[in-house]
Every structure is written in C-alpha cells, then in structure tokens.
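Visitor: The structure follows.
The values are calculated or read from the model by the stated rules, or taken from the named source; none is laboratory data. Because the structure is predicted, anything quoted here is derived from the model rather than measured. Heads up, the Cβs are rebuilt from the backbone with ideal geometry, glycines too, and the neighbour counts pull from every protein chain shown. For the accessible areas, the whole protein counts, side chains as well, though only heavy atoms, and no ligand, DNA or RNA atoms are used. Shrake-Rupley method; radii C 1.70, N 1.55, O 1.52, S 1.80 Å.
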Amino acid sequence: MRRPGLFIGVLACAALAYIGWNTLRTEGPGSRGPAQGRELPRFAVPLALSDLEGDANVSGRACSVRGPKVLNSCELAKRGPVVLTFFAEPVARCDDEIDQVERMRARFPDVQFAAVAIRGSRDALRRRVRERGWKLPVGHDRDGAVANLYGVAVCPTIVLARKGGDVDRTLIGSQDEADLEPAVEELEP
C-alpha cells in the first residue's frame with residue numbers, strides 16, 4: 001500500500017529542518033541589523049540634497065568615496081559615535097522618527113546623526129527634507145544596497161555605533177524619545 005501523504009510530510013519536514021539549519025549558520029545581518037560589536041558595514045551614498053547621481057557603494061573601497069556630496073559611514077564613525085536611521089519615503093512614522101532624531105542632535109553635539117532613505121523618488125525626498133527642515137545629513141540609497149547590507153526590514157531602523165564604528169545596538173521600529181535618548185547617551189565617552 002502506497003502512502004503519498006507520508007512521503008510528502010517527510011519531505012516537508014526535511015525542507016523545514018534544512019531551512020532552520022541554514023538560517024542558524026548564516027552570518028548575514030538578517031532583519032535584525034548589524035550584530036553588536038561588529039564594525040559598521042561600509043558604504044557611501046549620494047546626499048539627498050546634492051546633485052551627485054549614482055547607486056550606493058558598498059564595496060571594500062567605499063571608505064575612500066568622500067566629499068561634500070557623499071554620506072560615508074567610515075567618515076561618520078571616525079568623527080564620533082554614530083546614530084544612523086534608515087527610513088522609507090513616504091511613511092509618516094518614519095518621517096516622525098527622523099523629526100525626533102533631528103531634535104536630539106542639539107543635545108548630543110559629539111554624536112554623528114545621519115539618515116538613509118531607502119529607494120523612492122529622489123525629488124520627493126528632497127522636498128520632504130526641505131519641508132520638514134531636516135539638517136542632519138540624509139543619504140539616498142537609490143538601489144537599496146545599503147538597506148540590504150544593514151539588514152533593514154522595518155521602517156524605521158536605527159543603528160547606534162561607538163566612535164570608530166563598533167555597533168552598540170540596532171533599534172527596530174519606532175522609538176520614543178524617552179527610550180532613544182539613554183541609548184544615545186551610552187555612546188558618548
């Protein structure tokens with residue numbers, strides 16, 4: 001007597017076991033962001049308000065891509081602790097998070113605050129930056145390469161790193177100021 005249901009069940013269990021095993025041994029950031037203690041993944045992207053066009057540079061040479069039209073993770077980490085917020089346009093809760101981070105900047109002058117907009121229209125992003133009065137550097141990740149490198153799956157995602165670039169933590173989803181402020185304070189020497 002044949003039992004096709006049993007055979008299919010065994011195959012399904014084997015597939016799930018493989019997926020679980022593969023997930024546990026894979027070293028990528030997943031959707032949790034970069035791992036604590038690891039170096040910030042390197043990238044360079046055009047600043048939203050600049051006239052520089054192009055995709056993100058996430059190669060081993062990203063740190064050498066610098067200038068007044070570029071947001072560079074290596075440059076941020078060299079200057080001080082980093083608060084890097086990823087967001088998508090137009091998503092109200094993400095824009096609200098950037099507003100909050102923008103307000104916090106004045107209280108933490110030694111911390112490098114920056115944001116990365118994931119894909120979307122560059123013209124719409126430029127309008128949003130100007131309308132909301134954001135002064136922090138906002139990079140445009142046109143092709144989504146930086147978001148993939150950082151394992152961003154939720155908007156907003158905030159990566160906090162110490163001076164030099166070691167990741168302290170990644171905060172996923174909207175954060176209220178009462179929770180975010182102590183996390184930023186812990187970054188300062």
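Visitor: Tell me, yes or no, whether the range 118-140 has at least one residue that is open to solvent by less than 30 Å² (accessible area, probe 1.4 Å), under 10 Å from the mean Cα position of the chain (by Cα) and in contact (Cβ under 8 Å) with a residue 12 or more places away in the chain.
Guide: no
Visitor: Here are some residues: Gly144, Gly133, Gly120. Which one is in contact with a helix residue (DSSP H, G or I) (Cβ under 8 Å, 6 or more places away or on another chain) and at positive phi?
Guide: So the residue among Gly144, Gly133, Gly120 that is in contact with a helix residue (DSSP H, G or I) (Cβ under 8 Å, 6 or more places away or on another chain) and at positive phi is Gly133.
The rows are residues; the columns are (1) surrounded by fewer than 20 Cβ atoms within 10 Å (Cβ to Cβ); (2) modelled with pLDDT of 95 or more.
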{"site": "Leu52", "(1), (2)": "yes, yes"}
{"site": "Ser64", "(1), (2)": "yes, yes"}
{"site": "Arg79", "(1), (2)": "yes, yes"}
{"site": "Val91", "(1), (2)": "yes, no"}
{"site": "Phe113", "(1), (2)": "no, yes"}
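Visitor: Taking into account only those residues within the range 93-111 that are of a type in the set (D, E, K, R) and out of contact with any helix residue (DSSP H, G or I) (no Cβ under 7 Å at 6 or more places or on another chain), which is least open to solvent (accessible area, probe 1.4 Å)?
Guide: The selected residue is Glu97.
Visitor: Let me ask you something else. Could you list all residues from the range 34-50 that are closer than 17 Å to Ala114 by Cβ and either touching a residue at least 40 places away in the same chain (Cβ under 8 Å) or open to solvent by less than 90 Å² (accessible area, probe 1.4 Å) (or both)?
Guide: Pro34, Glu39, Leu40, Pro41, Phe43, Ala44, Val45, Pro46, Leu47, Ala48, Leu49, Ser50
Visitor: Considering only residues that are among the β-branched types (Val, Ile, Thr) and either surrounded by fewer than 23 Cβ atoms within 10 Å (Cβ to Cβ) or more than 12 Å from the chain's Cα centre (by Cα) (or both), which ones fall in the range 143-166?
Guide: Matches in the range 143-166: Val154 only.
Visitor: Quickly run through the range 42-84 and pick out the residues that are in a strand (DSSP E or B) and not small (Gly, Ala, Ser).
Guide: Matches in the range 42-84: Val45, Pro46, Leu47, Asn57, Val70, Leu71, Asn72, Val82, Val83, Leu84.
Okay, residues lined up against (1) charged (D, E, K, R); (2) more than 20 Å from Leu136 (Cβ to Cβ); (3) touching a Gly at 6+ places or on another chain (Cβ under 8 Å):
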| position | (1), (2), (3) |
| --- | --- |
| Leu47 | no, no, yes |
| Arg61 | yes, yes, no |
| Asn72 | no, no, no |
| Phe86 | no, no, no |
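Visitor: Residue check: is Val70 at pLDDT 95 or above, crowded, with 18+ Cβ neighbours inside 10 Å and in contact with a Phe, Trp or Tyr (Cβ under 9 Å, 6 or more places away or on another chain)?
Guide: Answer is no for this residue.
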